[in-house]
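Inspection log for the structure reproduced underneath, given as structure tokens.
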Amino acid sequence: MGRRSPYPEEFRNDAVALYRATAGRRTYAAAAADVGVTGETLRSWVRQAGEQAGRSRAGEAVEDRDEELTRLRAGLGRLRKAEAERQSEREILRRAARYFAKEMRT
């Protein structure tokens, strides 16, 4: 484990937000000079923030997928139940048709 940063997390988050707001127009070193840290320090904070965001998005995607899977399974269960009911209704109608067909012949 590395040592604890002397900079508070809020300060690091603000520095990352400042860099991202000016990304493409300024270098890490220029943005870092504004907040009083080295360019490499800011670069590592930006990388860590990106990794954390990626992990949280991946966790959300898994939760969303699990919720959708649960919803789809419930829907499939309802469809199977409805199909079974239709099958039994058709069987009743077939039997009734056979019965009345016999009655018509005799």
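Does Thr41 satisfy being farther than 21 Å from Pro6 by Cα, among the β-branched types (Val, Ile, Thr) and within 33 Å of the chain's Cα centre (by Cα)? Write out each step before concluding.
Numbers: farther than 21 Å from Pro6 by Cα: no; among the β-branched types (Val, Ile, Thr): yes; within 33 Å of the chain's Cα centre (by Cα): yes.
When the stated conditions are applied, Thr41 does not pass them.
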Flag if Ser44 is polar (S, T, N, Q) and more than 30 Å from Glu9 (Cα to Cα): no
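Condition check ((1) modelled with pLDDT of 85 or more; (2) touching a helix residue (DSSP H, G or I) at 6+ places or on another chain (Cβ under 8 Å)) across all residues:
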{"site": "Arg20", "(1), (2)": "yes, yes"}
{"site": "Ala23", "(1), (2)": "no, no"}
{"site": "Thr38", "(1), (2)": "yes, yes"}
{"site": "Arg55", "(1), (2)": "no, no"}
{"site": "Asp64", "(1), (2)": "no, no"}
{"site": "Leu72", "(1), (2)": "yes, no"}
{"site": "Arg95", "(1), (2)": "yes, no"}
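The values are calculated or read from the model by the stated rules, or taken from the named source; none is laboratory data. Because the structure is predicted, anything quoted here is derived from the model rather than measured. Don't worry about glycine lacking a Cβ; one is built from the backbone with ideal geometry, like all the others, and counts go over all protein chains shown.
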